[in-house]
Amino acid sequence: MAPTAEFCGIDPEEMGRLATSLRGAADRLTAFSKEFEGKLRQHGISTPALREIADIADWGDTQVSMLHGRIDLINTLGKGAPELGGAGGAASMAAGGQGIIRLPDELEGFETARGLASMYGNDILVNRGGELQAALIHEHSDEVAKLAKNPQAAAAFFALLSPTVRDSLPGLIASTGSTTAKQDLAAFSTALGAALRAPALVPAFAKVRSDLVRPVGSKVAAWNRLALLQGANAPSNVRSAAARTLVLDEFMKKPQQDWRAAGPTEVRAYGLPSDVVALGLEVLAGDGTAARDAFATMGGTDVKLSQVEKMKRFLGYAKGTGTGDEVADAFGRVMEAGSEAATEKAGQHSPAAAAFALDAIRAAGSFGDDLPRPAGDSMVVIATSYIHELASGARFDKAAYRGSGMALPENWAPLPNVTPAFYLSPGDTYRFMRTFVGDKQLTDDFDKTAAQFRHDTLTAAARLDAQGGTRHFEDTARMFGDLAGVEFKATLDVRGEQDATNDLILDITKNTLALGIDQLPIVGTGWALTKAYVISAALDGWADTFETGVEEATGARPDFVLRQKYDMAHLLHGAGYPASEPPAELTSKSTGDLKTYDELLAEAKLEANDDKKWEQVLGQKIKPYEQWMDQNDSLDKKIEYSSQFLTSEQAKEQLRLWG
C-alpha cells in the first residue's frame, strides 16, 4: 500500500515479508562472514570488519524474532474484527487507515499487557500454589492496576488472558489463602473497568466484553464474573446486562432456589455476599441508570411482572432465606441508586428517578415494619430525599381519595416551594413510613430533614403572604400537621404507645434543656414538638402518663399549643408579615428580632424565685406578646389558624378512611 500523510500503521503481511527478507539477509551475512573469516585467517589477516558484519547479522536475528512476536500480537488483538474490505476474520492492519482495522499505536503497552497475561495465565495462576502463588499474585498486582492508566493496554491484557483463568479469577486468588486477596482482586477489577469504559479499539476485547454478559452454566461461574465486575465501575449497560443475564433474569423466573454460590473462603477474602442474587444487586448498586434499566427489563419478555412486583419478589426472597440480610442490604442500596436519592436534590428529581422511587416506595411500603431490617437504612435515605413527596402524600385537605401516581390528582392545590415529582396516597405514605419509624436513629434522621423542610417552607410561605395577602402559610402549616400526624400514627403502630411516647418525652426534655437563648426552636425541636402535641391530644388513655413523664423531667408540662403560636408568630414577623412594631420588652437584645418562646422561657426561669414560680413569670412576659398579636388582627388570625393546623389530630382519624 502506498504511504500517505494520514496513515501511520502496520500491515502484518508486509511486516511478515519484511521479517522473511531480514531473516534471509541475516543468514546470508552470517554465512558470508564465516566463509571469509576462515579464508582470511588462513593467511593471518585480521578480521574486525567481518566481526562487525556478524554483529549486524545477529542484530537482524533479534529483530526478526521481535517482528514475528509483534505480528502474532497484532493478529491476536485483531481477532474478531472484519477483514480489510470484508466482513469477519483477523485484522489486516493496525493503527491507522480509512476502512482499515485500527489498533491504537500502543505497542509498548500491548507488550506489557502480553507479558502480564502470559505470566498470570500460563504460570502463576495455573502452575503455582500455596504461599508462593499468593506472594506472586500480589507482587505483580500493582502492574495490573497500572494498566488502567492505558485502557487499551488493559483491554489487551484481558483479551490475551486465558478465558478459563479470567472467568475464575476471584476463586483462584481466594483459594491461595492470601491476606491481600481483596486488594489483588481490586487491581484486576480496576483494569477491567478501564478497559470496559474505553472506546472499543482492540477488536479481540469485544469477545471478552460479550462473555462477561453471557449466561453461564453454574451459579459459581456467575458469582466469579460478578465478583470481578463488582469493583470495576463498569459502564451502566455492562452492569445491567451482566446482573440480569448472570442471575437476575433467572431469579425472576424461578426465585425459589438455593442461590448460594461462594464458600467461606471467598466470603472471608472479599467481604462479598455468598448469595449470587445479592451479588447481582451489588453490581447495580451505586449506578442509577443500571438499576433502572435492569428492573425495567429484568426477566425479559417471559416475565409479566410489574416493576413493583419485581421489587417485592426480592424482599419476599430476603425474608425467607438464610442469606436474606445480604439480599435486603444490597436491594436497599439499589433502590437508593435507582431513585437517585443521594445524587439529585429534593424537590428537583428527574422523571426517570422519580418513577423508580415511586415504585420502590410502594413495594417497600407493602411490607411496612415487616421490611427486612437491613433495607431500612436505604428507605430513610429515600424518605429524606423525597421529603416533598412524603409531605404532599400526607395531605388530607385535597383529594384524600387519590391513588399514588405520577399525574397531578384532580382538584389538587399546589403549595409554593413544595414540588413533588409524584403524588402518594395517604395510605402509601403511612405504609412507607412504617418501614423506618421502628428504628429511633432512622426516625431521627428523617425528623431532621422534616424539621428543616418545615422551617424553610413555612418561611417562604410567610414571605409570599406578606407580599400578597394569600393564605399559603396556613395551608402549608396544615400539610406539616398532617405529616406529623401520619408519622406519629405509624410510629405508634410500629413501636407501641409507651415506647413511642417515652422516646418523645426524652427527646423534648433533652432538646428543651439544651436550647441556647438565640436558637430558633422551629428548626431543631419544632418537629418533635409538633409530633408531641399530636400525642398529648390524640392519646386520651395516655394523657396522664404523658403529663407525668414531662413534669418529672422538666418541672411542668409545656403548653404545646401555646408554644406553636409563638413559633408561628416568630416566623411570620421574621418574614416581614405586616404588623405594628412589637414592644421593646419582646425584642431580643442579642438578635434585634422578636424573642422566641425559648428566650422568654429562659428569662422566666432565671427570674423565678421562692415567691414567684417560673410559670407565673412566663405568664407576665407572654401577656404583652398576646396583646401585640391581638392588636394585629390579620397576623393574629394567621397565627391562630396555622398553630391549630399544626397540632391537629385530623390525619390520624382520616387514615381510618384513606389508609
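The values are calculated or read from the model by the stated rules, or taken from the named source; none is laboratory data. Here the structure is a predicted model, which means the values were calculated and not measured. Glycine gets a Cβ as well: all are built from the backbone with ideal geometry, and neighbour counts include every protein chain shown. Ligands, DNA and RNA are stripped out before the accessible areas are found, and what is left, the full protein with its side chains, is counted by its heavy atoms. Shrake-Rupley method; radii C 1.70, N 1.55, O 1.52, S 1.80 Å.
Restricting to the range 207-218, what's the tally of residues that are part of a loop (DSSP other than H, G, I, E, B) and surrounded by fewer than 18 Cβ atoms within 10 Å (Cβ to Cβ)?
So the count comes out to 5.
Is it fair to say ASP610 is open to solvent by 80 Å² or more (accessible area, probe 1.4 Å) and over 30 Å from ASP397 (Cβ atoms)?
Taking the combined requirement at face value, the residue satisfies it.
Just one of (1) loosely packed, with under 13 Cβ neighbours inside 10 Å; (2) farther than 23 Å from THR476 by Cβ; (3) in contact with a helix residue (DSSP H, G or I) (Cβ under 7 Å, 6 or more places away or on another chain) trips up GLY576, so point out which.
For GLY576, the exception is condition (2).
In the range 318-335, what residues are open to solvent by 20 Å² or more (accessible area, probe 1.4 Å) and touching a helix residue (DSSP H, G or I) at 6+ places or on another chain (Cβ under 9 Å)? I'd like the intermediate steps shown before the answer.
Going residue by residue through the range 318-335, those that are open to solvent by 20 Å² or more (accessible area, probe 1.4 Å) are 319-322, 325-326, 329, 333.
Scanning the range 318-335 gives LYS319, THR321, ASP325, GLU326, ASP329, ARG333.
Give the number of residues within the range 294-317 that are surrounded by 19 or more Cβ atoms within 10 Å (Cβ to Cβ) and not in a helix (DSSP H, G or I).
Total satisfying the criteria: 1.
Quick check on GLY619: is it within 21 Å of ASP456 (Cβ to Cβ), surrounded by fewer than 17 Cβ atoms within 10 Å (Cβ to Cβ) and modelled with pLDDT of 85 or more?
no
So in the range 394-432, with the set limited to residues that are in contact with an Asp or Glu (Cβ under 7 Å, 6 or more places away or on another chain) and free of Cβ contacts under 8 Å to residues at least 60 places away in the same chain, which one is nearest to ALA353 (Cα to Cα)?
Top of the filtered list is SER404.
Name every residue in the range 345-366 that is closer than 16 Å to TYR430 by Cα, open to solvent by 40 Å² or more (accessible area, probe 1.4 Å) and of a type in the set (Gly, Ala, Ser), in order of residue number.
Once the filter is applied, which keeps residues that are closer than 16 Å to TYR430 by Cα, open to solvent by 40 Å² or more (accessible area, probe 1.4 Å) and of a type in the set (Gly, Ala, Ser), the range 345-366 yields only SER366.
Return the pairs, sorted by first residue and then second, in which the second residue is among the basic types (Lys, Arg) and outside any helix (DSSP H, G or I), the first residue lies in the range 129-155 and is more than 16 Å from LEU192 (Cα to Cα), the beta carbons are less than 7 Å apart, and the residues are 6+ apart or on different chains.
LEU136/ARG128
Filter the range 169-181 down to residues that are under 29 Å from the mean Cα position of the chain (by Cα), under 11 Å from GLU266 (Cβ atoms) and surrounded by fewer than 21 Cβ atoms within 10 Å (Cβ to Cβ), then give me how many there are.
Total meeting the criteria: 1.
Within the range 110-123, which residues are modelled with pLDDT of 90 or more and either of a type in the set (Phe, Trp, Tyr) or open to solvent by less than 30 Å² (accessible area, probe 1.4 Å) (or both)?
Selection gives LEU116, TYR120.
Looking only at the range 182-206, which residues are among the β-branched types (Val, Ile, Thr) and open to solvent by less than 10 Å² (accessible area, probe 1.4 Å)? So that I can check it myself, show each step before the final result.
Narrowing the range 182-206 to residues among the β-branched types (Val, Ile, Thr): 190, 202.
Listed by number, the list holds a single entry, VAL202.
For the range 247-264, enumerate the residues that are open to solvent by 20 Å² or more (accessible area, probe 1.4 Å) and part of a helix (DSSP H, G or I).
Scanning the range 247-264 gives ASP249, GLU250, LYS253, PRO264.
What's the number of the only condition in (1) in a helix (DSSP H, G or I); (2) within 20 Å of the chain's Cα centre (by Cα) that ASN233 fails to meet?
Result: ASN233 passes all but (1).
Given the criterion open to solvent by 10 Å² or more (accessible area, probe 1.4 Å) and more than 24 Å from ALA148 (Cβ to Cβ), identify the matching residue among ALA291, ALA221. Give the derivation first.
On the way: ALA291 fails: open to solvent by 10 Å² or more (accessible area, probe 1.4 Å).
Exactly one of ALA291, ALA221 is open to solvent by 10 Å² or more (accessible area, probe 1.4 Å) and more than 24 Å from ALA148 (Cβ to Cβ), namely ALA221.
Listed residues THR179, THR190; which is more than 25 Å from ASN150 (Cα to Cα) and among the hydroxyl-bearing types (Ser, Thr, Tyr)?
The unique qualifying residue is THR179.
Taking the condition of being assigned to a helix (DSSP H, G or I) and within 9 Å of ALA134 (Cβ to Cβ), how many residues in the range 163-182 meet it?
Selection size over the range 163-182: 2.
Exactly one of (1) touching a residue at least 40 places away in the same chain (Cβ under 8 Å); (2) open to solvent by less than 30 Å² (accessible area, probe 1.4 Å); (3) under 21 Å from LEU147 (Cβ atoms) is unmet by GLN230. Its number?
Failed condition: (2).
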